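Right, one structure below, let's go through it.
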Amino acid sequence: MLGMFEPVIGLEIHLHLSTQSKIFSSCATNYYGSEANTHTDPLTLGLPGTLPTLNAEAVEKALMFGLALNCEVEGFTQFHRKNYYYPDAPKNYQISQYDRPICREGFVMVDGERIGITRAHLEDDAGKLVHPGYAPYSLLDLNRAGMPLIEMVTEPEIKSAEQARVFLGMIRSIAQALGISDANPEEGKMRCDVNISVRRPGEALGTKVEVKNLNSFRSVALAIEFETARQSKILEGGGKITQDTMGWDDGGQKTYLMRTKEGEADYRYFPEPDLPPLMITAEMVAKVRAKMPELPAQKLERYLSLGIKESDAQSLSMSVSLSRVLDSALQGYTGAGQNLVNWLLGDVSGYLAGRELELEKSKLEPAHLRGLVQLIDAGTLSGKMAKELLLEVMEGADPHALVLERGLAVISDPVVIAAAIDEVMQADPATVEKAKTNPKAVNALFGPIMKKLGGKAKPELVREILNSKLEG
Amino acid sequence: MSATALELAHKIRSKEVSALEVMETALERIQNTDARIGAFLSLTDDALSRARAVDAALARGETLPPLAGVPIALKDNLNFVGSLTTAGSKMLERYRSPYNATVVGRALAAGLIPIGKTNLDEFAMGSTTENSAFQKTHNPWDTTRVPGGTSGGSAAAVASGMVPLALGTDTGGSVRQPAALCGILGFKPTYGRISRYGVIATASSLDQVGGMARSTADLAALLDAISGHDPLDSTSLEAKPQFTVALNTSVSGMRFAYIKEALGAGNSSGVALALERVRVVLEGLGATFSEVSLPSLAYNIAAYYIINTAEISSNLARYDGMVYSHRSPAPDFNSSMSQSRGEGFGLEAKRRILMGTYALSSGYYDAFYSKALKVRRLIAQDFARAFETFDVLVTPTSPSAAWKFGQFSNDPLAMYMMDVDTVSLNLAGLPGLSIPAGFELQEGKTLPIGIQFIAPLLQDERLFSVAQAFETATSSEFLKIAP
């Protein structure tokens, strides 16, 4: 028995930075959903004579990302040209970074395990070739060309498909929490390539294979599982792994050979002469650090300290939209935080899921959620009444206003309750006499009293006042 | 058009002559002369209407910008909205620019009127303008000879009196050398003093825009108009130079030194005489002359052509026929790109793309590109050391006066060697000014000789003090319009 093979995985992640303008010109970036080639300018088109100017916002966002990944960012950073010919690259070179990336040597903790970050660098994205069905030509859309990208590379320290999936989720939530990227794989704003090799535990690293064309976290996990099995089988059969680039076939759920090592391009990297090296000073870093919002890991700790259940705290800290609503609802709330969380993760999430709605697109006001829970805490609303009101609160209604408007409040004023009791008792002295000796007869009074109060009185309170009157 | 730019501007402002008359005279001169010279690739559509606008503004009593109504020629690698901008290449034969280069925008703001686009070596690669895909430009002093290059069209246009001013670009001497061969002033500033935005790139770390004129004061006025920081060029420098104010600074006490490596047997006798002449004239004005050695210049040409071709191989990659450049249809895009480039580029462009691609290839990068960058640093250090002792360094601009067409056509290396005096300034980023300082008689023709003056980084203005002093002392004897 030779023992099982284990995968050794490194990830290469591309994130679109959410900046106002493209990385090297003032061209607008909000092209998603727009007609082809409407978001271009002379630089984006690669016209003769154009020069890149580095977008300060992209630099700041890259630094913020680097700090969140515990990277070294101080010192000089430089751009290089990566030369290759392809019609979607208007200059036929990409402005990228080579030996002085903006972020170097960081790490991320994933469930207590340290995953090393080799580097993260800035570069410009290419345009897109469009292949109309059955047409004997392709079309070029340069809207995406020049979009700011950050490419991060991990050390080969990820040990399973599941860990890769969790890691990707964490990177996405960090990017979203920082507000540096929508990190949305569906819009192509987060893309991932996988480097994977297998070995028997304790052995040296095996030959790695790169897998491309992975368009969701799920396909990353599936590709890792597929490659682990494929490579293990080859090695078990005495074969050798070749250092190839594979593609992922989402339909067939398998990898296929894209190119062999011999087919690798020589990118002829050289320092970009149009952009002088950039010095990242301690001062710049301090400025960015001061602007950093709370990171998911810090959020988790804070939620735990508020007594929120760990599993709830986990999912809340990973979601920018849930945590934003929760944090806002927590303002001035004096009850147990978990009360708010139960509503947010329970009925609110259920409401959204049922309608396939995103939290940030719903009309829920965090203050209204807080108000609803406060009304329950104070005994003004029963749980059942609150659930009914939630439908309108999700549409933007203020629960306090609804309660006032409709007289929905539970009647908890002893004076009001006592007056109703007195009325019923005076109307039916016979039953009152019976009730004084026979506890079962009390119910014959209780019913009419509740009816008189419109069913909105707290039953325990009614019983308490009624009993004291019968005793007195 | 023998008047200088400043004289014309003054006459227009004082209504001695209208801007329209100036423009019509210039166009007439081009009409009469350019068939023989071949300086212009195209004339701009709106020069006359711009001239009329100047006259109208003057009639309304508006204050005119300093050079209002003065015609200027633009090298055809400068983007000027609506104009054909070919870079001398078939690749861009029908390309009309949709935007202005910063220098063109600034020239317009100073009141200058672009009259036409001038011939150049394809993508500014060459030393004679013979690499233009479209036409030959002839030296106005002897039309059997080259005007120099790559800004040969601009130099010939100024030298033959078609325009008083022209813009060129200088990657390895492309403003200074044709200025020398055509008998006019040609200046390349410190790298970063003039914006490269809108200048079709040859080799980005070497390219600078430069000016050409027939008087030092004109050149200073032009440079004052176009220089200074530009946020669209990340390599542009902050401090704005002041050229015109430097004209009156005396050269008395200024310490000059010939660069030893640029003297000797390689230079023609006319060049040797001109080198001697500038010494005599400037010493007469109180300057001192010595000699200094810059040993690293031995590797000057080798380092230059590695860096130049490496950057060219990348800069010229964008011309693939996909969006705007010459396109050769083919069944697939790889073939189309290859064919387009095969048809669109001339021989020298192909040669440099090949050499540059090779120099950057994995396995060769360290042996070539890295080493060339080291030599570049050494050359810069040698210059810096020389400038600890001297204020201005002096070399010929070219080892000889203008040569015949085709003389080096089959020997590219010999042609590259003709750049020996100029390329080191581009490697070191230094400012240089070529001043006409002599003539040499060949085959019965008078040919001008230029001497190059070099200043330390950011001391560009010093060269204008020198040029003005020499011009005054020699009564503009060497600044004549070609016969």
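The values are calculated or read from the model by the stated rules, or taken from the named source; none is laboratory data. Just so you know, these numbers come straight off a predicted model, no measurement behind them. Quick reminder, even Gly has a Cβ in these numbers, built from the backbone with ideal geometry, and neighbours come from all protein chains shown.
What single numbered condition from (1) polar (S, T, N, Q); (2) under 30 Å from A:LEU51 (Cα atoms); (3) outside the structural domain of A:PHE24 (by TED's automatic domain parsing) fails to hold for A:SER315?
Failing condition for A:SER315: (2).
Test of understanding: among A:ALA290, A:ALA282, which residue is touching a residue at least 24 places away in the same chain (Cβ under 8 Å) and either within 30 Å of A:ARG100 (Cα to Cα) or hydroxyl-bearing (Ser, Thr, Tyr) (or both)?
That would be A:ALA282, the only listed residue that is touching a residue at least 24 places away in the same chain (Cβ under 8 Å) and either within 30 Å of A:ARG100 (Cα to Cα) or hydroxyl-bearing (Ser, Thr, Tyr) (or both).
How many residues does region A:207-255 hold that are polar (S, T, N, Q) and touching a residue at least 60 places away in the same chain (Cβ under 8 Å)?
Matching residues across region A:207-255 total 3.
In this structure, is B:ALA59 away from chain A (no Cβ under 14 Å) and surrounded by fewer than 18 Cβ atoms within 10 Å (Cβ to Cβ)?
Yes.
Specify the residue that is surrounded by the most Cβ atoms within 10 Å (Cβ to Cβ); the eligible residues are those in region B:172-201 that are under 13 Å from the mean Cα position of the chain (by Cα) and within 14 Å of another protein chain (Cβ to nearest Cβ).
This residue is B:ILE194.
Taking the stated definitions as given, is A:ASN70 under 22 Å from A:ASP88 (Cα atoms) and either in a loop (DSSP other than H, G, I, E, B) or at pLDDT 95 or above (or both)?
No; evaluated as a whole, the condition is false for this residue.
Is it the case that B:GLY228 is in contact with a Lys or Arg (Cβ under 6 Å, 6 or more places away or on another chain) and either farther than 27 Å from B:VAL163 by Cβ or surrounded by fewer than 21 Cβ atoms within 10 Å (Cβ to Cβ) (or both)?
Judged against the criteria, B:GLY228 is a match.
One line per residue, one yes/no per condition, for (1) buried (at least 17 other Cβ atoms within 10 Å of the Cβ); (2) touching a Pro at 6+ places or on another chain (Cβ under 9 Å); (3) in contact (Cβ under 8 Å) with a residue 40 or more places away in the chain:
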position	(1), (2), (3)
B:LEU316	yes, no, yes
B:TYR364	no, no, no
B:SER370	no, no, no
B:LEU373	yes, yes, yes
B:ALA380	yes, no, yes
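Taking the conditions exactly as written (surrounded by 18 or more Cβ atoms within 10 Å (Cβ to Cβ), closer than 19 Å to B:THR202 by Cβ, in contact (Cβ under 8 Å) with a residue 60 or more places away in the chain and within 14 Å of chain A (Cβ to nearest Cβ)), does B:GLY344 satisfy them or not?
yes
Return the residue satisfying two criteria in turn: it lies in region B:313-327 and is of a type in the set (A, V, I, L, M, F, W, C) and assigned to a helix (DSSP H, G or I), and of such residues it is farthest from the other protein chains (Cβ to nearest Cβ).
Only one residue tops the list, namely B:LEU316.
Looking only at residues that are under 22 Å from B:SER269 (Cα atoms) and charged (D, E, K, R) in region B:430-470, which one is surrounded by the most Cβ atoms within 10 Å (Cβ to Cβ)?
Across region B:430-470, the extreme among qualifying residues is B:GLU440.
Would you mind telling me which numbered condition in (1) within 14 Å of another protein chain (Cβ to nearest Cβ); (2) outside any loop (DSSP other than H, G, I, E, B); (3) closer than 25 Å to B:SER160 by Cβ B:GLY88 fails?
Tallying (1) within 14 Å of another protein chain (Cβ to nearest Cβ); (2) outside any loop (DSSP other than H, G, I, E, B); (3) closer than 25 Å to B:SER160 by Cβ, B:GLY88 fails exactly one: (2).
Would it be correct to say that A:LEU17 is under 29 Å from A:LYS159 (Cα atoms) and surrounded by 18 or more Cβ atoms within 10 Å (Cβ to Cβ)?
When the stated conditions are applied, A:LEU17 passes them.
Is region B:101-110 home to any residue that is part of a loop (DSSP other than H, G, I, E, B), over 16 Å from the mean Cα position of the chain (by Cα), among the hydroxyl-bearing types (Ser, Thr, Tyr) and within 14 Å of chain A (Cβ to nearest Cβ)?
no
Does B:TYR358 count as in contact with a strand residue (DSSP E or B) (Cβ under 8 Å, 6 or more places away or on another chain), within 11 Å of another protein chain (Cβ to nearest Cβ) and in a helix (DSSP H, G or I)?
Against the criterion (in contact with a strand residue (DSSP E or B) (Cβ under 8 Å, 6 or more places away or on another chain), within 11 Å of another protein chain (Cβ to nearest Cβ) and in a helix (DSSP H, G or I)), B:TYR358 does not qualify.
List pairs: first in region A:305-325 and crowded, with 21+ Cβ neighbours inside 10 Å, second aromatic (Phe, Trp, Tyr), Cβ under 9 Å, 6+ apart or cross-chain?
A:ALA313/A:TYR303; A:LEU316/A:TYR303; A:SER317/A:TYR303; A:SER323/A:TYR303
Please return the ranges of helices (runs of 4 or more DSSP H) entirely within region A:272-371 where 3 or more residues are more than 17 Å from the chain's Cα centre (by Cα) and either within 14 Å of chain B (Cβ to nearest Cβ) or not basic (Lys, Arg) (or both).
A:282-291, A:296-305, A:320-330, A:337-343, A:349-355
Picking from B:ALA310, B:ALA303, B:ALA330, which residue would you name as being more than 9 Å from chain A (Cβ to nearest Cβ), of a type in the set (A, V, I, L, M, F, W, C) and either under 23 Å from B:SER174 (Cβ atoms) or crowded, with 24+ Cβ neighbours inside 10 Å (or both)?
Only one candidate qualifies: B:ALA303.
Please state which one of A:LEU214, A:LEU222 is in contact with a Cys (Cβ under 8 Å, 6 or more places away or on another chain), assigned by TED's automatic domain parsing to the domain that holds A:LYS91 and either over 30 Å from A:ALA177 (Cα atoms) or not basic (Lys, Arg) (or both).
A:LEU214
Could you tell me whether A:VAL166 is among the β-branched types (Val, Ile, Thr), assigned to a helix (DSSP H, G or I) and either over 16 Å from A:PRO148 (Cα atoms) or in contact with a helix residue (DSSP H, G or I) (Cβ under 6 Å, 6 or more places away or on another chain) (or both)?
yes
Within the set of pairs 6 or more residues apart or between chains, which connect a residue that is within 26 Å of B:THR190 (Cβ to Cβ) and among the hydrophobic types (A, V, I, L, M, F, W, C) inside region B:456-483 to a residue that is buried (at least 21 other Cβ atoms within 10 Å of the Cβ) and modelled with pLDDT under 95 with Cβ atoms less than 8 Å apart?
Cβ pairs passing all conditions: B:LEU458/B:PRO241.
Inspect all residues belonging to region A:362-375 and state whether any of them is free of Cβ contacts under 8 Å to residues at least 12 places away in the same chain and either outside the structural domain of A:GLY335 (by TED's automatic domain parsing) or on the phi < 0 side of the Ramachandran plot (or both).
no
Pick from region A:48-76 the residues that are within 14 Å of chain B (Cβ to nearest Cβ) and of a type outside the set (A, V, I, L, M, F, W, C): which of them is surrounded by the fewest Cβ atoms within 10 Å (Cβ to Cβ)?
A:THR53
Would you be able to say whether some residue in region B:235-254 is within 14 Å of another protein chain (Cβ to nearest Cβ), part of a loop (DSSP other than H, G, I, E, B) and aliphatic (A, V, I, L, M)?
Scanning region B:235-254, I find at least one residue that is within 14 Å of another protein chain (Cβ to nearest Cβ), part of a loop (DSSP other than H, G, I, E, B) and aliphatic (A, V, I, L, M), so the answer is yes.
Any chance region A:26-47 includes a residue that's facing another protein chain (nearest Cβ under 10 Å), under 30 Å from A:GLU283 (Cβ atoms), more than 28 Å from the chain's Cα centre (by Cα) and not in a strand (DSSP E or B)?
Yes, there is a match, as at least one residue in region A:26-47 is facing another protein chain (nearest Cβ under 10 Å), under 30 Å from A:GLU283 (Cβ atoms), more than 28 Å from the chain's Cα centre (by Cα) and not in a strand (DSSP E or B).
Given the condition closer than 21 Å to B:LEU457 by Cβ, modelled with pLDDT of 95 or more and not hydrophobic (A, V, I, L, M, F, W, C), answer yes or no: does some residue in region B:257-270 qualify?
yes
Please work out if B:ILE72 is touching a His at 6+ places or on another chain (Cβ under 6 Å) and surrounded by 18 or more Cβ atoms within 10 Å (Cβ to Cβ).
Spelling it out, it is not the case that B:ILE72 is touching a His at 6+ places or on another chain (Cβ under 6 Å) and surrounded by 18 or more Cβ atoms within 10 Å (Cβ to Cβ).
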